[in-house]
1. Tell me, which residue of region 140-187 that is hydrophobic (A, V, I, L, M, F, W, C), open to solvent by 50 Å² or more (accessible area, probe 1.4 Å) and free of Cβ contacts under 8 Å to residues at least 40 places away in the same chain is farthest from Ala252 (Cα to Cα)?
2. Quick one: in region 71-97, which of the residues that are β-branched (Val, Ile, Thr) and not in a loop (DSSP other than H, G, I, E, B) is surrounded by the fewest Cβ atoms within 10 Å (Cβ to Cβ)?
3. In region 48-65, is there at least one residue being closer than 30 Å to Pro134 by Cβ and either at pLDDT 95 or above or open to solvent by 60 Å² or more (accessible area, probe 1.4 Å) (or both)?
4. What are the pairs, 6+ residues apart or on separate chains, where a residue within region 244-259 that is over 16 Å from Ala228 (Cα atoms) has its Cβ under 6 Å from a residue that is open to solvent by 40 Å² or more (accessible area, probe 1.4 Å) and in a loop (DSSP other than H, G, I, E, B)?
5. Is region 98-109 home to any residue that is small (Gly, Ala, Ser), more than 17 Å from the chain's Cα centre (by Cα) and open to solvent by 50 Å² or more (accessible area, probe 1.4 Å)?
6. May I ask you to say which residue of Val130, Val126 is free of Cβ contacts under 8 Å to residues at least 12 places away in the same chain, of a type in the set (Val, Ile, Thr) and open to solvent by less than 90 Å² (accessible area, probe 1.4 Å)?
7. Regarding Pro242, is this residue part of a loop (DSSP other than H, G, I, E, B) and closer than 25 Å to Glu148 by Cα?
8. Which number in (1) within 18 Å of the chain's Cα centre (by Cα); (2) of a type outside the set (Phe, Trp, Tyr); (3) open to solvent by 50 Å² or more (accessible area, probe 1.4 Å) marks the one condition that His197 misses?
Amino acid sequence: MQRQGINIYRNTNGVEKIELDADGLKKVTLNNGEVIEGVECVLMAIGRSPNVEPLNLPASGVDQNKKGYIVTDEYSKTSADSVFALGDVCGNVELTPMAIAAGRRLSDRLFGGPEHKDAKVSYDNVATVVFAHPPIGTIGLTEPQAIEKYGEDNIKMYRSKFTNLYYGPWQVEADDKPKTGMKLICAGEEELVVGLHIIGMGADEMLQGFGIAMKMGATKADFDSCIAIHPTASEEFVTMFPWGLSKQESGAKHSPLNGASRPEPSK
């Protein structure tokens, strides 16, 4: 983004004030003391609050937290009998597909019969994408989160940085070609994949498939067992150095390791 001429101000701690100059432009003073002058327009992403005030929730006995979000249990049930809530008003994972999944699980449990009596949605390992240029995809824990949860001695990091082949023919300096960065975060002796992060072309499309693998408990050995599709960017995740040296332990119900045969459906 910087190579495209975008100025990024880091570690600002937010905006202190915005003043209007005599010429009609704005002067933005940041909390770290930096000043940005000659600004035509200021857009501020201040976040959002749940739009639940018109519902008069206290009158119904529905509890809210300090930020106004509706408090629910793992089954989307509120503190009031027969009142359920899901989606952004709960403040868990504020994504449209997350709300759809929660609604489907709740419908299954309420109306789907005895076989769905325990149906609920999981808010763990939800793949998310920032549709920037380049796009950023992430699922699972960040490196600091993994260290805090498992301890620094119990995690292992795998990284790769490269230029996507799409940019190969571009007649520009190598350093000016957009890069793709990838990171795998693994935990435990079995090297369970607990975090997967991508920045670069196609990150959004890659992440959905790897999200399935992580939800199924894939290990680094599982990734290594998958034959690469060449030439693609996603093959980096299944050939990430060092390759093939992880403990041969699979997170799959049917292990794909050591040349195993493909799984077959139960009769």
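The values are calculated or read from the model by the stated rules, or taken from the named source; none is laboratory data. None of the values given here were measured: they were computed from a predicted structure. Glycine also receives a Cβ, built like all others from the backbone with ideal geometry; neighbour counts cover every protein chain displayed. Remember, those area values only see protein heavy atoms, side chains included, never the ligands or the DNA or RNA. Shrake-Rupley method; radii C 1.70, N 1.55, O 1.52, S 1.80 Å.
1. Result: Val172.
2. Out of the qualifying residues, it is Thr96.
3. Among the residues of region 48-65, at least one is closer than 30 Å to Pro134 by Cβ and either at pLDDT 95 or above or open to solvent by 60 Å² or more (accessible area, probe 1.4 Å) (or both), which makes the answer yes.
4. Lys247/Glu189; Lys247/Glu190; Glu249/Glu190; His254/Pro263
5. yes
6. Every option except Val130 fails the conditions.
7. The answer is yes for Pro242.
8. Of (1) within 18 Å of the chain's Cα centre (by Cα); (2) of a type outside the set (Phe, Trp, Tyr); (3) open to solvent by 50 Å² or more (accessible area, probe 1.4 Å), only one is false for His197: (3).
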